[in-house]
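Worksheet: the structure to be examined is printed underneath.
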Amino acid sequence: MKQLIKLLTFSAIIAGLINQTAQAQMHSSEADHSDHSITIIAEDYAYQAPNQIPSGWTTMQFENHGNEDHFLLVAKVPDGKTLEDYTTQIVMPFNEVWYALRDDGLEQELVFEKLMPNLPEWFAGIEFMGGTGIVPAGESSEITLRLDPGTYILECYFKNEDGELHSVEGMLRELTVTDSQSDTTPPEADINITLSNFDMDIQGDLKPGKHTFSVHIIENPEQGFGHNVHVVRVDEDANIDELMRFINFFEVDGMRTPSPFTFAGGMHLMPAGATTYFTTELKSGRYIFLSEYTGFLGVVQDVTVE
Ligand SMILES: [Cu+2]
């Protein structure tokens, strides 16, 4: 019976995808106008998502149907590069370095020295365009990004209990953004987060309820990878040093199942100069807003929602 339900759910997803593709084709043959919203489902370990979407602003409803935390990182690869290139030339060298950390005691300070010679030149041409923060099992997250035409990779590199990367286990998918233009406009934000290399500024009324956050990165050439934001719901006596350790991918038990923290929204790595949006529901209590690449593992805003 369980198997049947699983199968039925799967067929429903496929039917939904076919429907979405048909609609997208219809729109592009009509007048290239569409209000564009898509659903991306995370499972242990795969994404269900459309194969192509129009360019412009896209709202992504991300649903975690798995039993572990997952996230979505949206990476634009240089023209001509494919999912296979990304897997073999980018993910695999990262995975090798990860294994060296996990199994051979490689020191974190030596990670880039070991990694960089194994990455292709085109690694520098990858643009991380945003994505969700970490989304707990059974939860969902809504983000809005502006995407130009091109080839994109969807990726989750959270680790399972055995310390295998979700990406290597199957959470990698190609998404084509077509020349057709979406008419979607960005949402109206009531909270504005501005990130620079060493600061996070949060403007707005952080009261309980649903909020749409804008995230803007101030143009600054120093941080090549971009910036991100994690929203984490914590207890009064939470150990913030432990949280900062957990969010560090290079820690052996960092970003790994079982997650000891409750993530509640955010925005994945995005480029300087860009603005993105995420919607999340806040309850009353204490939250940590952190940016792991801002100030190089360390910008933290400790806020009370009341
Ligand atoms: Cu995952």
(message) Name the single residue that is farthest from the ligand (Cβ to nearest atom) among those in region 42-58 being under 16 Å from the mean Cα position of the chain (by Cα) and aliphatic (A, V, I, L, M).
(response) Ala49
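Residues are listed down the side, and each one gets a yes or a no for (1) within 18 Å of Met270 (Cβ to Cβ); (2) buried (at least 20 other Cβ atoms within 10 Å of the Cβ); (3) within 16 Å of the ligand (Cβ to nearest atom):
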position	(1), (2), (3)
Asp69	no, yes, yes
Val77	yes, yes, no
Gly80	no, no, no
Phe94	no, no, yes
Ala100	no, no, no
Gly105	no, no, no
(message) If Asn192 meets every condition in (1) closer than 16 Å to Val215 by Cα; (2) part of a loop (DSSP other than H, G, I, E, B); (3) touching a His at 6+ places or on another chain (Cβ under 9 Å) apart from one, which number is that one?
(response) (2)
(request) Take region 72-89 and flag every residue that is of a type in the set (Gly, Ala, Ser) and under 16 Å from Gly131 (Cβ atoms). (result) Ala75
(request) Tell me the strands (runs of 3 or more DSSP E) entirely within region 198-275 that contain at least 1 residues that are buried (at least 20 other Cβ atoms within 10 Å of the Cβ). (result) 209-217, 227-234, 262-270
(message) Anything in region 148-186 that is in contact with a strand residue (DSSP E or B) (Cβ under 6 Å, 6 or more places away or on another chain), over 22 Å from Asn95 (Cα atoms) and either modelled with pLDDT under 95 or within 16 Å of the ligand (Cβ to nearest atom) (or both)? List them, or say none.
(response) Ser180, Gln181, Ser182, Thr184, Pro186
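Among what's in region 280-293 and is part of a strand (DSSP E or B) and surrounded by fewer than 18 Cβ atoms within 10 Å (Cβ to Cβ), pick the residue that is nearest to the chain's Cα centre (by Cα).
Checked region 280-293; the qualifying residue nearest to the chain's Cα centre (by Cα) is Glu281.
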(message) If I ask for residues that are under 18 Å from Thr87 (Cβ atoms) and under 9 Å from the mean Cα position of the chain (by Cα), which ones from region 114-139 would you list?
(response) Gly131
(message) Under 8 Å between Cβ atoms, which residue pairs at least 6 apart in sequence (or on different chains) link something in region 164-176 that is under 21 Å from Met129 (Cα atoms) and among the β-branched types (Val, Ile, Thr) with a partner that is assigned to a loop (DSSP other than H, G, I, E, B) and away from the ligand (no atom under 11 Å from the Cβ)?
(response) Thr176/Asn51
(message) List the residue pairs whose Cβ atoms are under 7 Å apart, where the first residue sits in region 76-92 and is closer than 20 Å to Gly170 by Cβ, the second is part of a loop (DSSP other than H, G, I, E, B) and of a type outside the set (Lys, Arg), and the two are 6 or more positions apart or on different chains.
(response) Val77/Ile126; Gln89/Pro120; Ile90/Leu119
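The values are calculated or read from the model by the stated rules, or taken from the named source; none is laboratory data. Owing to the predicted nature of the structure, the values given are computational and were not obtained by experimental measurement. Cβ coordinates were reconstructed from backbone atoms using ideal geometry, including for glycine residues, and neighbour counts include every protein chain displayed.
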